[in-house]
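Visitor: The following block contains the structure, expressed as structure tokens.
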Amino acid sequence: PPPPPPPPPPPPLPPASPPPPAQTPPRRPAGEAGGKAGGESKSGAEGASGGSGKTLERNTSTNEERMMAEAADLPPVPATRVWAMQREDWRLFPVALVAACCSGASQPVFSIIYSDIISIYFTPDNDGIRTRARNYLGWFFLLGGAVLVSKAANVAVWWMIGERLVRRLRRMSFEAVLRQPMGFFDETTNSVGRLCTRLATDATLVKGLTGDAMGSSTEGMACLVTALVISFLASPKLAGVMLCIFPFLIIGSLFEFRHISNKARASNKVLERSGEVVTDAVTAVRTVAAFNLQGQMLRLYDDTLQMPLRVGIQRGLVQGCGSGFKQFVSICAYALAFYAGSVFIADGTLRFADLLRVFLAITLTSEGLGRISSMAPDSAKAQAAARSIFSLFDRPATSFDPLTPPPPTAPAPLRGRIEFANVSFAYPTRPDVPVLKDFNLVVEPGQTVALVGESGSGKSTVV
């Protein structure tokens, strides 16, 4: 049979349509892009704001430790140099000194009124008790008003003196920074964070060498002298006996008040590592969830809490022993005062009112001195901060002072021609890495020049 006919050829394909033009992605307006980036950075900043608030005390303690370490190699600063910066405030010092003396003497003076009003209740005349009690009631109100005014003036005036000094130090520090050459900012000790710390923290600590220290010393000295005068005028014998244990009373009160004031600072310091773990975990919470690291982060956080636990137990033991010692010394002082007082009363050389006066003057003054001493500024930190700031003042600045206006001279004709002739340069912190070596360039007026090269080749240095 004849072969079957061949299949018909396929229909011709339609002509290929030209490819569509490349669709370039629409450019996002600068404002929209900036808004998106700003929103993302804002959300990140909001997420990190809690951590920054919690780590503020930790950063402060770290900065103080770094400042103390750096200041160890710097020359000491005489106190007279710091005091010279407060010459403008000399009118405030008499007011501050008088207020400090009145504030310090208030507690010993209180022992006079307190002892007298207690002794009047041992008189058999009821009408006399009422009359004398009303009189002493007025003395109590008068003393309370005097304490209110003196305490307020003492704190306010000394604070004002210190803040004025801080403002001068901050302004002079920033002025000294602006006068430094560019190589100054390449040093690791002059990072942005360290310079900001000098302006924020170091300047505040320096006032502990002048106004704060003088205020605490004056108040404590007035309290001590007034108490000794009242005690020895009432009964020299009993005052001499009480002075034997007076230092122990001060030590106990000082330990109690200073430990309370340092409690929060110590807690923040031992929790530094724990805070870092929490901050890292919360900041990178998406990564932690993606790799299922929740259990590992929890175990790591629990491990970092072991040291705070041990430190807390030790601090509790020390606090308990210190408080017990303070109470033990106080009770022993009570026993000694009343025993010696009974002997002197039996001899006829002491009155009951004088016994109470000496006892209250010594005990109240010891507590007052402990409180004042605990609030006194740390002289070691103040001296270290002064070394850090004044070393910046004494550092040589650039040969051309940018903050001093040049003398008025006739302006020279400006051509606008720039020329580099065999310029070689290396930064002071990296003297073995040459940035420019025999560099030559001439830029004529009106000429546009582009500097092209790899990163670190010296383009920014030339500009």
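Visitor: Inspect all residues belonging to the stretch 208-222 and state whether any of them is modelled with pLDDT of 80 or more and open to solvent by 70 Å² or more (accessible area, probe 1.4 Å).
Guide: Yes, that holds for at least one residue.
Visitor: Of (1) out of contact with any Phe, Trp or Tyr (no Cβ under 7 Å at 6 or more places or on another chain); (2) farther than 30 Å from Asp73 by Cα; (3) modelled with pLDDT under 85; (4) open to solvent by 60 Å² or more (accessible area, probe 1.4 Å), Arg371 satisfies all except one. Which?
Guide: Of everything listed in (1) out of contact with any Phe, Trp or Tyr (no Cβ under 7 Å at 6 or more places or on another chain); (2) farther than 30 Å from Asp73 by Cα; (3) modelled with pLDDT under 85; (4) open to solvent by 60 Å² or more (accessible area, probe 1.4 Å), Arg371 misses just condition (1).
Visitor: Among the residues in the stretch 104-116, are any assigned to a helix (DSSP H, G or I), under 27 Å from the mean Cα position of the chain (by Cα) and farther than 15 Å from Leu360 by Cβ?
Guide: Yes, the stretch 104-116 has at least one match.
Visitor: Follow-up. Looking only at the stretch 398-417, decide whether some residue is at pLDDT 85 or above, farther than 30 Å from Asp73 by Cβ and either aliphatic (A, V, I, L, M) or loosely packed, with under 13 Cβ neighbours inside 10 Å (or both).
Guide: Yes, the stretch 398-417 has at least one match.
Visitor: Applying the selection to the stretch 435-463, what residues are within 42 Å of the chain's Cα centre (by Cα) and open to solvent by 90 Å² or more (accessible area, probe 1.4 Å)?
Guide: Within the stretch 435-463, Ser455, Ser460, Val463 meet the criteria.
Visitor: Would it be correct to say that Val358 is over 30 Å from Pro236 (Cβ atoms) and of a type outside the set (D, E, K, R)?
Guide: Details: over 30 Å from Pro236 (Cβ atoms): no; of a type outside the set (D, E, K, R): yes.
Judged against the criteria, Val358 is not a match.
Visitor: Then there's this: Could you list, in sequence order, all residues of the stretch 194-207 that are of a type outside the set (Ser, Thr, Tyr) and open to solvent by less than 30 Å² (accessible area, probe 1.4 Å)?
Guide: Passing the criteria: Arg194, Leu195, Arg198, Asp202, Ala203, Val206, Lys207.
Visitor: Closer than 20 Å to Gln86 by Cβ and either open to solvent by less than 80 Å² (accessible area, probe 1.4 Å) or in contact (Cβ under 8 Å) with a residue 24 or more places away in the chain (or both): is that true of Glu187 in this structure? Before you say what the answer is, go through the steps one by one.
Guide: Details: closer than 20 Å to Gln86 by Cβ: no; either open to solvent by less than 80 Å² (accessible area, probe 1.4 Å) or in contact (Cβ under 8 Å) with a residue 24 or more places away in the chain (or both): yes.
No; evaluated as a whole, the condition is false for this residue.
Visitor: Right, another one. Is it true that Leu355 is surrounded by 11 or more Cβ atoms within 10 Å (Cβ to Cβ), within 43 Å of the chain's Cα centre (by Cα) and among the hydrophobic types (A, V, I, L, M, F, W, C)?
Guide: no
The values are calculated or read from the model by the stated rules, or taken from the named source; none is laboratory data. Since we're looking at a predicted model, the values are computed, not measured. Here the Cβ is made from the backbone with ideal geometry for all residues, glycine too, and neighbour counts use every protein chain on show. Calculation scope for accessible area: heavy atoms of the full protein, side chains included, ligands and nucleic acids excluded. Shrake-Rupley method; radii C 1.70, N 1.55, O 1.52, S 1.80 Å.
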